[in-house]
Amino acid sequence: MTRSAIFVGCAALPEGDGDEAAVLPALADLGFTVTWAAWDSAADFASADIVVLRAAWDYPSRREEFLSWCEDVPGLSNSAAVVRWNTDKTYLGELLDAGVPTVPVEIVPLGEKPRWPKKPFVVKPSVGAGGRDAARFSSSGADAERHLRALHDDGRTGLIQPYQSSVDTQGEIAVTYFGGVYSHAFTKFAPVESSMDTSGLYREERLAAAVPAPEVRAVAEDALDAACGLLGILRAELLYARVDLVRGDDGRPLVLELELTEPSLGFRHADAGAPLRFASAVRQQLA
């Protein structure tokens, strides 16, 4: 039986960043024909058996329009309800409340003033992607206040998180799941002179294959379980998930972000079986 799948990009990256190249033959082996389309294009998304969000990385400035589109697309993976919850990083507060070890976060709504940390910290928008508009500060002061004010002036809620110094030496580790089952992991390092990709949609990083330590895997599993509990879904209902973790000052792993919308899945830095596992998870969604 032939099935059709549409991978979703955006106008600047209508066919993603190339990471999915190995996935296409794996899906073809299972009878899928795959095409790419920008989410705001005239493509007939309703005709596809499954529509997979992959590189819709321009949504932050048009979130409500993007969410409305998601809700109108049958067969969307992950679902519109998941996307709505996950595209606002205030969900990190919910994970903290659920007892998941998470980098502390202070949510700063429009017009409110924060409690500035005494140690280095990061200020970023609650709705954002690709590291855009996130900035690190060594202490509170005019620069940090100016950055937060710019977010507020643009109508965006701000988030403040203590900077985790382990990022400089160990990077982040991204733990990846397909159909709720662990697939692989990779590390992410920001170059010393980090810059935006030519598309302007994400900050370039150095990636490498990794094997997560048992305690890292345990926290990632807890985060995924907690998210599914909050959403009222089963893990198998998530076609993909990526849990990004860092080491805290005491060495314990902490969740930095939980990516359920359109994360890069690191196929170029995974074992040869990862595309096969992903293709199988796509087929599972249709069941």
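The figures follow:
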item: For the stretch 7-14, 3J(HN,Hα) per residue [Karplus equation, 6.51 cos²θ - 1.76 cosθ + 1.60, θ = phi - 60°, Hz, x = Gly/Pro]; result: 8, 9, x, 9, 4, 6, 9, x
item: TRP57 long-range amide H proximity, modeled H, under 5 Å; result: CYS10
item: For the stretch 156-286, convex hull volume per residue from C-alpha positions, Å³; result: 143 Å³
item: List THR187, THR2, ordered by accessible area with a 1.4 Å probe, largest first; result: THR2, THR187
item: For the chain, accessible area per residue (1.4 Å probe, heavy atoms of protein chains only), Å²; result: 45 Å²
item: Sorted peptide list for 264-274, 142-152, 108-118, criterion being average Cβ within 10 angstrom, highest first; result: 264-274, 142-152, 108-118
item: Exposure of THR90 as accessible area (Å², to 10), given a probe of 1.4 Å and all protein chains; result: 40 Å²
item: Under Karplus coefficients 6.51, -1.76 and 1.60, residue-wise ³J(HN,Hα) of the stretch 113-126 in Hz, glycine/proline x; result: 9, x, 8, 5, x, 8, 9, x, 8, 10, 10, 8, x, 5
item: HN-Hα J in Hz across the stretch 159-173 - Karplus 6.51, -1.76, 1.60, θ = phi - 60°, x for Gly and Pro; result: 10, 10, 9, x, 6, 9, 5, 4, 4, 5, 10, 10, x, 9, 10
item: DSSP beta bridges in the chain [antiparallel fraction, %, rounded to 5]; result: 70 percent
item: Assigned charges on the beta-carbon of Lys, Arg, Asp, Glu; the chain dipole about Cα centre (debye); result: 460 debye
item: Inter-centroid distance (Cα atoms) of the stretch 96-117 relative to the stretch 132-168, Å; result: 12 Å
item: Signed unit charges on C-beta, dipole axis of the chain, positive-most listed residue ALA42, LEU92, PRO117; result: PRO117
item: Most positive-pole-ward Cα, HIS184, PHE66, LEU53, against dipole of the stretch 52-198 from beta carbon charges; result: HIS184
item: Computed helical MRE - 222 nm, the chain, DSSP H runs ≥ 4 contributing -39500 (n - 2.57), nearest 500; result: -8000 deg cm²/dmol
item: R0 of 41 Å, Cβ-Cβ distance ALA80-THR169: FRET efficiency to nearest 0.05; result: 0.60
item: Helix 142-153 vs. the chain, principal-axis angle (Cα, 0 to 90°, nearest 10); result: 50 degrees
item: Apportionment of accessible area to carbon and sulfur, the chain, percent (1.4 Å); result: 51 percent
item: Cross-link reach list, lysines versus LYS124, counting only Cα pairs under 18 Å and skipping chain neighbours closer than eight places; result: LYS89, LYS113
item: Accessible surface, 1.4 Å probe, highest first, among residues ASP225, ASP97, ASP250; result: ASP97, ASP250, ASP225
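The values are calculated or read from the model by the stated rules, or taken from the named source; none is laboratory data. Bear in mind the structure is a predicted one, so any value in this text is a computation, not a measurement. As a convention, Cβ positions derive from the backbone with ideal geometry for all residues, glycine included, and neighbour counts pool all protein chains shown. Note: areas computed on protein heavy atoms with side chains; ligands, DNA, RNA excluded. Shrake-Rupley method; radii C 1.70, N 1.55, O 1.52, S 1.80 Å.
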